[in-house]
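The values are calculated or read from the model by the stated rules, or taken from the named source; none is laboratory data. None of these values were measured; they are calculated from a predicted model. Cβ placement follows ideal geometry from the backbone for every residue including glycine, while neighbour counts extend to all protein chains displayed. The area values use the complete protein model at the heavy-atom level, side chains included, leaving out ligands, DNA and RNA. Shrake-Rupley method; radii C 1.70, N 1.55, O 1.52, S 1.80 Å.
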Amino acid sequence: MLILRFALPAAELSHASAVADQKRDDQLVKRIRITAGWLAAFAAVAVAGSPATAIAARTGGRVTIGVNRDHWAQFKAAIPRARDVRVYYDAENVFPATWPTRAKGAWVTLSLRPSPADLLSGKLDARLKALFASAPAHSEVTFWHENEPGNPLKYSRSVYKARTNVAMLKHGEKLVKGTKVKFGQIICAPAIRMRKWIAPGLDWYGIDLFANPNYENPDGTLSNAKLWARLNNNEAVFRAKSGRRWPPVRFDESNARRDWHRKSWFTYLAQWLRGHGGGRLLTRWTHARTKLAGPWPPSQPVIRRLGSLSSR
């Protein structure tokens, strides 16, 4: 996501947002292509992780609903109980001086990109500790989201290494100690295929996940079973990495290109979260229609369903 630090005319801002959305969408499509090649590889494992055979669910967990920050005002107006917002600082070593509060009252999930060398040497500790110390309750942060096999976000060689990724995440977990911030990791590939990229002992584990043909039935409808098999497999890896029976899971970006899929897609995700300890479900909307998402607002039935899910 493009972070603008100066005023632009409305037309230029709209164009810049559309360009950023298209770049992001191209990256998302690459992620799905990578994932499609992996799904067959763990199809047999998915049977063991199906809803029917998974560890007995921890029901009743709270699910909160949210959106990416550039759509927060419109989303909150339509979904009054919306809680969560995703904020991106997508330039290396560019951080806010204090915790972002522009989305008033929202629980922020913040994505940062610290230089690996500067971070691991301790050079950034003072800046990051000051940032985290300013955060209110329910604040969450991660470094270098979706740094994983296939390199879908085209990170540099200094970033795109499993050992470096884990070292950065473990360092981040140390930096939030004594603050109200919880540190986590966000992936998009199947966790079962990237265990060495996932850090142990984090506060939470997130997934950027979009509806696509991998989760469809032959008639084009969405398959709850296929989606939940993927989620259960991911959770099994998070469970092993965290040492917790119920590792906190987040869906930090999510949507469906087809509006008629969205009610079911968001419902299936929320139901899974509720049965697995609760968590955040952040929808993502673009400024123009893309291959994986689309502009806000969606249809009224989708808005009503999101409102209903946020009220439960």
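Do the conditions hold for Ala167, that is, is it surrounded by fewer than 15 Cβ atoms within 10 Å (Cβ to Cβ) and either in contact with a Pro (Cβ under 7 Å, 6 or more places away or on another chain) or at pLDDT 95 or above (or both)?
Taking the combined requirement at face value, the residue does not satisfy it.
In this structure, does Leu175 turn out to be of a type in the set (A, V, I, L, M), more than 19 Å from Asp90 (Cβ to Cβ) and crowded, with 20+ Cβ neighbours inside 10 Å?
yes
Limited to region 126-163, what total is found for residues that are farther than 24 Å from Thr179 by Cβ and of a type in the set (Ser, Thr, Tyr)?
4
Which numbered condition trips up Pro116, out of (1) in contact with a strand residue (DSSP E or B) (Cβ under 6 Å, 6 or more places away or on another chain); (2) in contact (Cβ under 8 Å) with a residue 40 or more places away in the chain?
Condition (1) is where Pro116 drops out.
Mind listing whichever residues of region 81-95 are part of a loop (DSSP other than H, G, I, E, B) and either over 23 Å from Ser158 (Cβ atoms) or out of contact with any Phe, Trp or Tyr (no Cβ under 7 Å at 6 or more places or on another chain) (or both)?
Residues satisfying the conditions are Arg81, Ala82, Arg83, Asp90, Ala91, Glu92, Asn93, Val94.
Can you go through Glu146, Glu140 and tell me which one is among the acidic types (Asp, Glu), in contact with a Ser or Thr (Cβ under 7 Å, 6 or more places away or on another chain) and at pLDDT 95 or above?
Glu140
Considering each of Gly178, Gly206 in turn, give the residue that is touching a Ser or Thr at 6+ places or on another chain (Cβ under 9 Å), of a type in the set (Gly, Ala, Ser) and modelled with pLDDT of 95 or more.
From the options Gly178, Gly206, the qualifying one is Gly206.
Looking at region 107-123, which of its residues are part of a strand (DSSP E or B), closer than 12 Å to Val94 by Cα and not hydroxyl-bearing (Ser, Thr, Tyr)?
Across region 107-123, the qualifying residue is only Leu112.
Could you grab me the full set of residues in region 177-236 that are of a type in the set (S, T, N, Q) and within 20 Å of Lys161 (Cα to Cα)?
Gln185 - this is the single residue of region 177-236 that is of a type in the set (S, T, N, Q) and within 20 Å of Lys161 (Cα to Cα).
When Thr286 is evaluated against the numbered criteria (1) assigned to a loop (DSSP other than H, G, I, E, B); (2) without any contact (Cβ under 8 Å) to a residue 24 or more places away in the chain, which criterion, by number, is the only one it fails?
Result: Thr286 passes all but (2).
So which of Glu235, Glu216, Glu253 is open to solvent by less than 10 Å² (accessible area, probe 1.4 Å), charged (D, E, K, R) and over 14 Å from the mean Cα position of the chain (by Cα)?
Glu235
For region 278-310, which residues satisfy the criterion of being open to solvent by less than 70 Å² (accessible area, probe 1.4 Å), at pLDDT below 95 and more than 20 Å from Thr221 (Cα to Cα)?
Selection gives Ala288 alone.
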